[in-house]
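Input: a single structure, listed below in structure tokens.
The values are calculated or read from the model by the stated rules, or taken from the named source; none is laboratory data. All of these numbers come straight from a predicted model, not from anything done at the bench. A quick note on method: Cβ atoms are made from the backbone with ideal geometry, for glycine too, and the neighbour counts reach across all protein chains shown. Please note that ligands, DNA and RNA were not included when accessible areas were found on the heavy atoms of the full protein model with its side chains. Shrake-Rupley method; radii C 1.70, N 1.55, O 1.52, S 1.80 Å.
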Amino acid sequence: MSEVVLIIRSPIQLLLVPAFVVVFLWLIAPIDFVMSGDVLTVVLALLMPAMLSLGCLVGFRRFSSVSTPIQLKPVRVRRALYLVSFLGFLGLVLRLFERIVLRSAEGLTLDFMANRTMLESGGNALISFVSGVLVTSLLLLPFFYLLLRKVGKTNWLQKALVYASLLYPVSDVVLQGSRSTLVVYFGVVFISWVVLNRLRFRFRFIVFISLLIVGLAWLLGTVFYVRTAQMGLDPIASMHLSGYAKFAPASESVIKYLAQNELSVIDMLVYAYVHILQYLLHGVYEFFYILSEFSGATTYGLQSFYIPMKLIFSITGSQDLESLLGEAVLREGVFITMFGPLVYDYGIFGGGLSCLLLGFAFGVLGRKLKHGSVSLLPLYLVIMSFLPFAFVLSLFVSGSGQYALLNSAFVSSLLMTRWFRLV
């Protein structure tokens, strides 16, 4: 047996610290925000995260994080690592087969949007569901590798598996220019690291994080630039004409600067910086718009249970779920924070109650882990990696997010069995 200290991060901290980051980014953003609604709109918007925070506090029973020493068997951790590797890479193979062979009959191209349109139709619903659940095991692979390093020795094969797990998010970027899986992947990796390590803001750590953020910003901005150009749109003009820019258009000074210059590496960083700020901040104003125009629930739980309902709709041949959701919301294709889908699904009162219950569930999950229920680690890691994005979008209702939740619950249940139990 080997001892390792788990740092159970408080869900309230993972919610409130990003909230202060969002406020800071709002203060420095070169964006001309457009506000909808009145004082009551803002009060209702603040009520949702307040209810979520209250639920977290009641469930976790403390505001700060807590360290919990646990005794683990290295051989069991190694077995868990190989388990998620097997499940994840099996899912990746099935996913690529279903997408490339079954859906892409005409062949994939270098055009992200053409590929995306092609991949949205056809295929096999059952294979898509199974592969979607299994492949998200790769999100957990870096954690079990880091955990194994804490309790025993690692080898080159295990390290190679961790690097290979990047094929999951990278394949989404390459095939259809989708960046959400990449964000989820690094979110889970970050939470995995902070659960096993204390944050020490040394110079080397700050430099590494800064370079990582700049690199990711440049990559995400470049992917969006290429994807927008392939749609036949001017990427710079889209900064004040696209859907996400309705309530968060880039300032005129930024538009003029980028329009007057060929996009060098520096200019691309400026473009990426402003574009990412628009993506990160427009959801709050979209949420204001929903509350200002709200007349009652419209999606009735379809967003909260998106993947199960999508599977049922596909099997029964019912109305297309995407079309149904598109008709039920005010604006498609935009971020509406974590709270927007809850309002669409359950109304303002029901949304507030949902926030309270979800927060309580998140807090109880952390408390169970604090008391030694290490089998819940996969579910905890995924949920805690979603919380920091609460003021941007809801990963809880996205396809990749719900697959990750289903998978983490499945892996957690396997870790409760005698064969895979970690302790």
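Taking the 1.4 Å solvent-accessible surface of the chain as the whole, the part contributed by carbon and sulfur is 68%. Can you compute the FRET efficiency between residue 361 and residue 26 using 1/(1 + (r/R0)^6), with r the Cβ-Cβ distance and R0 = 41 Å? Round to the nearest 0.05. E between residue 361 and residue 26, to the nearest 0.05, is 0.90. Counting only lysines at least 8 places from residue 368 when in the same chain, those with an alpha carbon closer than 27 Å to its own are 73, 150.
For the pair residue 40 and residue 315 in one chain, pulling the backbone fully straight at 0.36 nm per residue adds 94.7 nm over the alpha carbon distance. With a 1.4 Å probe rolled over the protein heavy atoms of all chains, the accessible area of 315, 8, 127 falls in the order 315, 127, 8, largest first. Shape annotation for region 14-89: C-alpha extents along the principal axes are 58, 34, 22 Å, from largest to smallest.
Taking the helices alone, the chain has a mean residue ellipticity at 222 nm of -21000 deg cm²/dmol, built from -39,500 (n - 2.57) per DSSP H run of at least 4 residues and averaged over all its residues. For the chain, the relative contact order is 29 percent, taking Cα pairs closer than 8 Å that sit 6 or more residues apart in sequence and dividing their mean separation by the residue count. Hydrodynamic analysis of region 366-407 uses the Kirkwood radius over alpha carbon pairs. Inserted into Stokes-Einstein at 37 °C and 0.692 mPa s, it gives a translational diffusion coefficient of 300 µm²/s.
Charge tally around residue 30: other residues with Cβ under 15 Å, Lys/Arg +1 each, Asp/Glu -1 each, net -2.
Report, in order of residue number, the helices in the chain meeting two criteria: a C-alpha extent of 20 Å or more along the helix axis, and a mean Kyte-Doolittle hydropathy of at least 1.0; treat each whole DSSP H run as one helix.
Details: long enough: 11-28 (27 Å, 2.48); 39-60 (32 Å, 2.37); 74-96 (33 Å, 1.23); 180-196 (24 Å, 2.24); 203-230 (40 Å, 1.66); 265-292 (40 Å, 1.21); 340-370 (34 Å, 0.91); 399-414 (23 Å, 0.61).
Result, helices passing both filters: 11-28, 39-60, 74-96, 180-196, 203-230, 265-292.
Using 0.36 nm per residue and subtracting the Cα-Cα separation, the extra length available between residue 214 and residue 330 on full extension is 38.4 nm.
Sort the following peptides by mean Cβ neighbour count (other Cβ atoms within 10 Å, averaged over residues), highest first: 247-258, 189-200, 317-328. Don't jump to the answer; show the numbers that get you there.
Working: 247-258: 18.0, 189-200: 15.5, 317-328: 12.6.
Highest-to-lowest ranking by the protection proxy: 247-258, 189-200, 317-328.
For region 238-282, what does the relative contact order come out to in percent, with C-alpha contacts under 8 Å and a separation of six or more?
On the way: 26 pairs, mean separation 21.0, N = 45.
The normalised contact order for region 238-282 reaches 47 percent.
The alpha carbon gyration tensor of region 322-393 gives principal lengths a ≥ b ≥ c with a/c of 1.5 or higher and a/b greater than b/c, which makes the shape prolate.
Taking N as the residue count of the chain, its C-alpha radius of gyration divided by 2.2 N^0.38 Å amounts to 0.99. Once both labels are positioned 7 Å from their Cα atoms along Cα-to-Cβ, the gap between residue 226 and residue 164 label points is 2.5 nm. Remark: spin-label model distance residue 202-residue 234 equals 4.9 nm, labels positioned 7 Å along the Cα→Cβ axis.
Ligands, DNA and RNA are left out, and with a 1.4 angstrom probe the accessible area of the chain is 46 Å² per residue.
At the listed q of 0.16 Å⁻¹, the Debye profile of region 175-333, built from one uniform point per Cα, gives log10 I(q)/I(0) equal to -1.13.
Where does the charge balance sit around residue 255 when Lys and Arg score +1, Asp and Glu -1, over other residues with C-beta under 11 Å from its C-beta? Don't skip to the answer; put the middle values down first.
Values: positive: 256; negative: 32, 234, 252.
In short, -2.
Each peptide in 78-91, 56-69 gets a packing score, the mean of other Cβ atoms within 10 Å over its residues, and the list from highest to lowest is 78-91, 56-69.
One chain, two ends: residue 259 and residue 54. Fully extended at 0.36 nm per residue, the span grows by 69.1 nm beyond their Cα-Cα distance.
Amide H contacts under 5 Å for residue 31: 251, restricted to partners 5 or more places along the chain or on a different chain, H placed in the peptide plane at 1.01 Å from N.
Normalising by the residue count of region 242-394, find the relative contact order in percent from Cα pairs under 8 Å and 6+ residues apart.
Numbers: 127 pairs, mean separation 44.1, N = 153.
Relative contact order of region 242-394: 29 percent.
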